[in-house]
Amino acid sequence: MSIKTKLSLIMTAFAVTLLSINIGLSYLTIRDNMRKDSEVNMMLTAKQIALAVERSRAVNEHIRSGMESTARNHEFVEDTLRMTNPQRIVEESLQANGSLLEISGINPDSFERGHSLLFGTYEYKNDQLVLDSAREALETGTTLLRETKIDGRRVLDSFIPIKPLYQKPYVIRIISSYEPISSAISKLMMSQLSISIVLLQIVVFVSYIMAGEMIRPIQSLLLRVNRLSSGDFDARIQINRNDELGQLAMQIDTMADSMGHYMTVLRQKSEENRQMREQLESIINQTADAIHLTDLDGNILRVNEAFEELYGWSGEEIVGSRLDFIPPSLADEREDWARETERGRPVVLTETVRLRKDGSEVHVSISESPVYDEDGLIVAFISISRDMTEHNKMEELLRRSEKLTTVGQLAAGVAHEIRNPLTTLRGFLQMQQRTKAVNQMHTDIMLSELDRINLIVSEFLILAKPQAVQYEVKDIRFTLGDVISLLDSEAHLHNIEFEAHFSPAPVLVHCEENQLKQVFINILKNAMEAMPNGGKITLFVEEGDEREAVIRVIDAGEGIAKERLEKLGEPFYTNKEKGTGLGLMVTQRIIEGHKGSLSIESELGVGTSVTIVLPGVTQVSGPETAADRKSLA
């Protein structure tokens, strides 16, 4: 239903209500007026009857007292009495007014005893009502008008009190029909109803026209809003009014301008987002790295094609479920992974092992980072896996190439280093062969040169020979403590003191302990040889920010020049009189094999600081022994 129709109906309903109220009030007014008129007429009639009664009595008394009783006079008296008789007046009144049904003269006292009437008739009977009303009218001295039904006929029952001067008061009861009043009311109401119907038709017609005029601006607004909803923000509303509708039209135009501007911006942003989404989708699907997205409970939300190729699971198989592809042997890594993700920190594993769908293992490099929403809350985690199989093969090839290069360098160095002592040995042997005598001093020199050759060959074998190693989780404090105990006596001989500052908590690493001992021996010996006048060597063992093991050795020796620092670790580069230059090289290779790092800082005249950083672990492989505690002490 349209607003125009609703307005027309509302205005029509309002008009109908007003007309109905008017008709109702008119009916009540007409009825009251008709009753008042009837009451006035009946009072006039009663007064006329009462006056006639009084006159009849006066005439009758006057005639009877003043004239002789002759036949002629008797007839005159009778005629006169008959003419002035109240009954005759009652009959003439009834004949003259057709609405009057009955007139009765009632004395309440005599009426109560035997229904004796002063005059008139008593056909419309209602004894108790008549008696009570007659007495009430006499007591109050006012006319009573009652609307009632007698013998099934609706009538007006009037009681008019009459109080003559020298007579006993009485009541004249007049019953008139209600039909004249009803007929008059009906005619007037029909007239009112006809007029109301005509007025209602006029109101309906006028209200429909007025409603159309009122909603014409609203129709313009509705048309404009429909165009806005369809995306047309350029049209304008042509309403030249200063009322609320005009203000609403201006506000809608302003809103259309704003929406047009914002829609243009949104389209641009949407296009940018679409392009960005397509680029991200392309990057995710085309990248060679395996990517999978998980929610906070670890359920897979999405995987890319590289993930399906690397691990063997399809997206339909695992989306919505948890993926447990960490081998049981890497339980420590599983716990560390869960702990870091709970803290919301990015997790990066340079290389680890994961399980494929068929149960086979694959060497991968994994990084996991949290995904945040606009409020800064973590909503998901994204993990990127890279297959390290080919990388490891290439790295192995590079290691072999480096090893061959190193062996070549070492071979040349060894040949050069061994040639000198061999030349010395050959010269002394030729001299002894020529002299046919053994010189003890020459023999000592020859043995010393042979020892030098043996040392060079031993360190060369340590570097070049592949050795079977067995890695275990060890507390680095105990390993370094054993080395300190081993070198403590020699340090005292050179007036050198070890000062250890070890962490009170375990510092665990995954290592081959004998190799690390060799590293610490080499470094401490270098520090001791750099302090010919004695002094203090300070050792620190602590856990770094990323739970790695940090070992620092600081001496107060002569220091190393900056130009020499760059060549440290090269084969046969040494400033020692009896050094080979292989010790630091072996040390660096051992540290690299443990995936750690070694750095050297030095200043001439101040001393040298060697820092070793090794990956830490969180679980001890075996219980701490008494020997371990003793070496730490």
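Read the figures in this text as sums done on the coordinates, not as results from a lab. Bear in mind that the values here come from a model prediction, so they are computed numbers and not experimental data. Backbone-built Cβ (ideal geometry, glycine too); neighbour counts: all protein chains shown.
A cut-off of 5 Å between modelled amide H atoms, ignoring neighbours fewer than 5 places along the same chain, links Val507 with Ile476, Arg477. Annotation: extensible slack from Asp37 through Val206 equals 56.8 nm (criterion: 0.36 nm per residue apart, minus Cα-Cα distance). In order along the stretch 263-271, the phi-based Karplus estimate (6.51 cos²θ - 1.76 cosθ + 1.60, θ = phi - 60°) of 3J(HN,Hα) comes to 5, 4, 5, 5, 4, 4, 5, 5, 5 Hz; Gly and Pro are listed as x. Modelled spin-label separation between Gln275 and Lys595, with each label point placed 7 Å from Cα along the Cα-to-Cβ direction: 4.2 nm. Which pairs in the list Lys36/Lys149; Lys357/Lys474; Lys474/Lys562 are over 30 Å apart, alpha-carbon to alpha-carbon? In this structure, Lys357/Lys474; Lys474/Lys562 exceed 30 Å between Cα atoms.
Each residue in Val438, Val90, Val362 was given a count of other beta-carbon atoms within 10 angstrom of its own, and listing them fewest first yields Val438, Val362, Val90. Under the simplified labelling scheme, the Asp324-Glu136 pair shows an inter-label distance of 10.2 nm, with each label point 7 Å from Cα along Cα→Cβ.
With each label modelled as a point 7 angstrom along the Cα→C-beta vector, the Arg154-Glu305 pair spans 9.8 nm.
Residues whose amide H lies under 5 Å from that of Val364, counting only those 5 or more places away or on a different chain, are Thr352, Val353, Arg354, Met388; hydrogens are built 1.01 Å from N in the peptide plane. Footprinting exposure proxy ranking of Tyr178, Tyr311, Tyr122, fewest other C-beta atoms within 10 angstrom first, gives Tyr122, Tyr178, Tyr311. Applied to the stretch 179-188, the Karplus parametrisation 6.51 cos²θ - 1.76 cosθ + 1.60 on θ = phi - 60° returns per-residue 3J(HN,Hα) values of 5, x, 5, 4, 5, 5, 5, 4, 4, 5 Hz, with x for Gly and Pro.
Taking the inverse of the mean reciprocal distance over all distinct Cα pairs, the Kirkwood hydrodynamic radius of the stretch 7-49 comes to 12.7 Å. Using 0.36 nm per residue and subtracting the Cα-Cα separation, the extra length available between Gln95 and Ala437 on full extension is 103.3 nm.
Taking amide H as placed 1.01 Å from N in the peptide plane, Leu118 has its amide H under 5 Å from the amide H of Gly105, Ile106, Asn107, each at least 5 places away in sequence or on another chain. Remark: the Glu395-Met263 segment gains 42.0 nm on full extension, using 0.36 nm per residue and subtracting the alpha carbon distance.
Neighbour counting of Cβ atoms within 10 Å sorts the residues His363, His261, fewest neighbours leading, into His261, His363.
Applying 1/(1 + (r/R0)^6) with R0 = 45 Å to the Cβ-Cβ distance of Val353 and Ala561 gives a FRET efficiency near 0.50.
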